[in-house]
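First up is the structure itself, then whatever we jot down about it.
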Amino acid sequence: MRPIQADSLQSLDGSRPADILVVWAWRDGVLVLPEPLQVISWSADDNAGDSVKVSQTLSLTIADPDGTLGAWKYEDPLSVAGTRLQVIYRVGGASALNFGWFKLTGNDPDEVIQSRQVAEYGYAEPDSPVEPHKRTKYVVGGTVQLSAVDLTAGVDLDKFEAPESASGLTVLGEFARLTANHFPTVVDAGVPDADVGPFTVWDRERLEACQDLLARVDAGYRMGSDGECHVYPRKSAPVWRVEPGQGLVSVKRKQESDGLHNKWVVEGKDSGDGRPVRATAAIDTGPLRYGGAFGRAPLFYSSEMITTDGQALAYAIQLREEFLSSLAIELAVETVPRPELQAGDWIEVGCPVVAGHVVYLPGQITGIRRGGTTVPSGTSLTVACSYNDVVTALGRTEWAQHITGGTPALTWDRMPGNWGDLPAVVWNDLPN
């Protein structure tokens, strides 16, 4: 989450003057324009994931009244040759927060050319309908569409020119070393460290090497608000609870069958006689059980590293358990503008359910979309909630409805965080 001052945080959920986006253009540490860009409309996307190379993208439409901001040469102020955009989000009626730094990747002017006649004594245009002592002046203006990405794009461009051995540092030290020419690294609380193998060699793709390093300690990376890169733990405490009447505009969900499996078949080859090695693990109970209502949906895995039946069985079970633990319900959450949130943050989403209660589902933000005109509109979040957490939360609602016979004697404004929070009198009413 981006750092935000208390007065701004307090203002986000209430009525306030319009928020403003302020954008400055820099190159080589020097401002290239004396005034901030005049933003007409904007959008920003933020995504989290192991394979995401650039997590944050920015699109701006800016006013260009005199036609000087559409780039012709790489030396021009808003060219793609090294210009960086500093984005500041001013919360109406409160303070500002630094939103981030972005590398300019596109400049697409939409120019309107107008002409008019101006007085100039002694000037005449031969064979022209323009009368003497006047000349035609052309005025170019319009808008410019700018596109930009976060600073990790520079790491992706910076390939290894030759294979390079790991330095002998730990995972976090090696990540900082590989990215030192692009940004400083900040390690957030809760990120473990580990040794890097002594025979590790990096080849060609620098950003993929960084992703591989952090995968070893179950961490992610994202750009911060001041041009620094944060290494953060994949799992952390929620930073915000959004609920009806307090920031939540709407929440939707969907299910898709793509990617669902219920049996894992692992194959290999015996290292001695070369005979085939094979083992399976299946889901045996519940709606996804193999051969049940969902049907049969096996997934095959083959590797020469599997050399015994025991190894094949162990890995098949591992694949099944990893699948079950990764099951998630994806929520589409619309909220009031929340500039401090980032992909990778954990939040709690308050969802009204049929039973008449609000259940609180913890989940990780995997995608954010923001935008608007000069006045920022709301924030659209994609939140991945663990299937087990969802089932547990819904189960609590069902128990509460069962206990009260469908008409609660006690009105629950919100369900407790765990069964230990329930009043003792309710525990006595639980069915055996």
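The values are calculated or read from the model by the stated rules, or taken from the named source; none is laboratory data. This one's a predicted model, so the numbers in the text were calculated from it and none came from an experiment. With ideal geometry, Cβ positions are generated from the backbone for all residues, glycine too; neighbour counts draw on all protein chains shown. These area figures cover heavy atoms from the full protein model, side chains too; ligands, DNA and RNA do not enter into them. Shrake-Rupley method; radii C 1.70, N 1.55, O 1.52, S 1.80 Å.
For this structure, a couple of remarks:
- Residues being crowded, with 19+ Cβ neighbours inside 10 Å, in a loop (DSSP other than H, G, I, E, B) and in contact (Cβ under 8 Å) with a residue 60 or more places away in the chain - total across the range 67-100: 5
- Helices (runs of 4 or more DSSP H) completely within the range 138-219 that count 1 or more residues being touching a residue at least 40 places away in the same chain (Cβ under 8 Å) and more than 30 Å from A44 (Cα to Cα): 171-179
- G310 being at pLDDT below 95, in a helix (DSSP H, G or I) and of a type in the set (G, A, S): yes
- D389 being in contact (Cβ under 8 Å) with a residue 24 or more places away in the chain, charged (D, E, K, R) and buried (at least 21 other Cβ atoms within 10 Å of the Cβ): no
- Out of D226, D270, one residue alone is under 30 Å from L381 (Cα atoms) and in contact (Cβ under 8 Å) with a residue 12 or more places away in the chain. It is D226.
- E111 being out of contact with any Pro (no Cβ under 9 Å at 6 or more places or on another chain), modelled with pLDDT under 85, among the acidic types (D, E) and open to solvent by 50 Å² or more (accessible area, probe 1.4 Å): yes
- Restricted to the range 330-352, and to residues there that are open to solvent by less than 10 Å² (accessible area, probe 1.4 Å) and of a type in the set (G, A, S), the residue that is nearest to A18 (Cα to Cα) is A343.
- Subset of the range 294-314 [open to solvent by 100 Å² or more (accessible area, probe 1.4 Å) and within 19 Å of N262 (Cβ to Cβ)]: R296, F300
- Restricting R275, R289, R296 to residues that are within 22 Å of I329 (Cβ to Cβ) and among the basic types (K, R) narrows the list to R289.
- Only residues that are aromatic (F, W, Y), at pLDDT 90 or above and either more than 21 Å from D156 (Cβ to Cβ) or out of contact with any Lys or Arg (no Cβ under 9 Å at 6 or more places or on another chain) (or both) were counted in the range 195-246, giving 3.
- Of the residues making up the range 237-289, those that are open to solvent by less than 50 Å² (accessible area, probe 1.4 Å) and not in a strand (DSSP E or B) are W240, L260, H261, N262, D270, G274, I283, G286, L288.
- Breaking point among (1) modelled with pLDDT of 90 or more; (2) within 30 Å of I347 (Cα to Cα), for E267: (2)
- Selected residue (criterion: nearest to D158 (Cα to Cα)) from residues of the range 29-61 that are without any contact (Cβ under 8 Å) to a residue 24 or more places away in the chain and open to solvent by 40 Å² or more (accessible area, probe 1.4 Å): G29
- Top-ranked residue in the range 143-159 [being open to solvent by 20 Å² or more (accessible area, probe 1.4 Å) and among the aliphatic types (A, V, I, L, M); ranked as nearest to the chain's Cα centre (by Cα)]: V149
- Across the range 315-329, the qualifying residues are those that are touching a strand residue (DSSP E or B) at 6+ places or on another chain (Cβ under 8 Å) and farther than 30 Å from V359 by Cβ, and the one among them that is least open to solvent (accessible area, probe 1.4 Å) is A316.
- Of all residues in the range 220-233, those being charged (D, E, K, R), open to solvent by less than 50 Å² (accessible area, probe 1.4 Å) and in a loop (DSSP other than H, G, I, E, B) number 1.
- Failed condition for D64, given (1) buried (at least 17 other Cβ atoms within 10 Å of the Cβ); (2) over 19 Å from W26 (Cβ atoms): (2)
- Residue count for the range 353-386, restricted to those that are in contact with an Asp or Glu (Cβ under 9 Å, 6 or more places away or on another chain) and open to solvent by 50 Å² or more (accessible area, probe 1.4 Å): 2
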